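Engineer: Submitted below is the structure of interest, expressed as structure tokens.
Every read-out reported here was derived from the displayed coordinates using simple, explicitly stated rules and does not represent laboratory data. The structure displayed is predicted, hence computed values, not measured ones. With ideal geometry, Cβ positions are generated from the backbone for all residues, glycine too; neighbour counts draw on all protein chains shown.
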């Protein structure tokens, strides 16, 4: 199966295909489903994605560049080193995905929901995530400023971790003695 540049695809079902290292430019995928596909090191540029589902796909090094979309779902995907570059995709769902060391730079992912995902070491620099829900995800080592995370929903542990990573802010429970120089004593 080969997707063609500039082609409009509606209702397409692709199962178990290798699209690895392929390039796709200016294509439209509407209400399509890719299941158990290998998209590692593939690059899709300037594509329009609406109602597209990636399920159990290998997305290692997969790059979406300047893509636009609505209601795109990634379910149980292996997306280490996934790259979303300057994409604008509303209401995206990432569910049970390995997204460690991924890069989502300069993206607008309004109302995105990340459920049970590993985002350890992910780079979110320059992205707008207003309304995105990251609760319950692993975010250790995430590279994002407070501005990048403005408007996101975090659980208390995530919020504490983010604050501890910013400009030396410490999160210390009430009742813990900070000592004479403001250092907590154990």
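Engineer: I'd like to know how segment 8-154 sits against the 2.2 N^0.38 Å rule of thumb: what's its Cα Rg over that expected value?
Structural biologist: Working: Rg = 13.8 Å, N = 147, 2.2 N^0.38 = 14.7 Å.
Against the compact-globule rule of thumb, the ratio is 0.94.
Engineer: Another question about this same structure. For segment 69-177, what does the equivalent ellipsoid look like in terms of its semi-axes, each the square root of 5 times an eigenvalue of the Cα gyration tensor, given largest first in whole Å?
Structural biologist: Values: eigenvalues 119, 40, 32 Å².
The three semi-axes for segment 69-177 are 24, 14, 13 Å.
Engineer: Can you give the calculated 222 nm mean residue ellipticity of the chain, where each DSSP H run of n ≥ 4 adds -39,500 (n - 2.57) and the sum is split over every residue, rounded to the nearest 500 deg cm²/dmol?
Structural biologist: Mean residue ellipticity, 222 nm, calculated: -1500 deg cm²/dmol.
Engineer: Moving on to the next point. Arrange the peptides 1-13, 19-31 so that the one whose residues have, on average, the most other Cβ atoms within 10 Å appears first.
Structural biologist: Highest-to-lowest ranking by the protection proxy: 19-31, 1-13.
Engineer: What order, most packed first, do the peptides 152-162, 36-46 have when packing is the mean number of other Cβ atoms within 10 Å of each residue?
Structural biologist: In descending order of packing, they fall as 36-46, 152-162.
Engineer: With the contact rule set at Cα under 8 Å and sequence spacing of 6 or more, what percent relative contact order holds for the chain?
Structural biologist: Numbers: 560 pairs, mean separation 19.8, N = 186.
So the answer I get is 11 percent.
Engineer: Hey, what angle do you get for helix 156-165 against the long axis of the chain, alpha-carbon based, 0 to 90 degrees rounded to 10?
Structural biologist: 80
Engineer: Restricting the calculation to Cα positions, tell me the Rg (one decimal) and the Dmax (whole number) of segment 1-87 in Å.
Structural biologist: Looking at segment 1-87, its Cα Rg and Dmax stand at 11.2, 28 Å.
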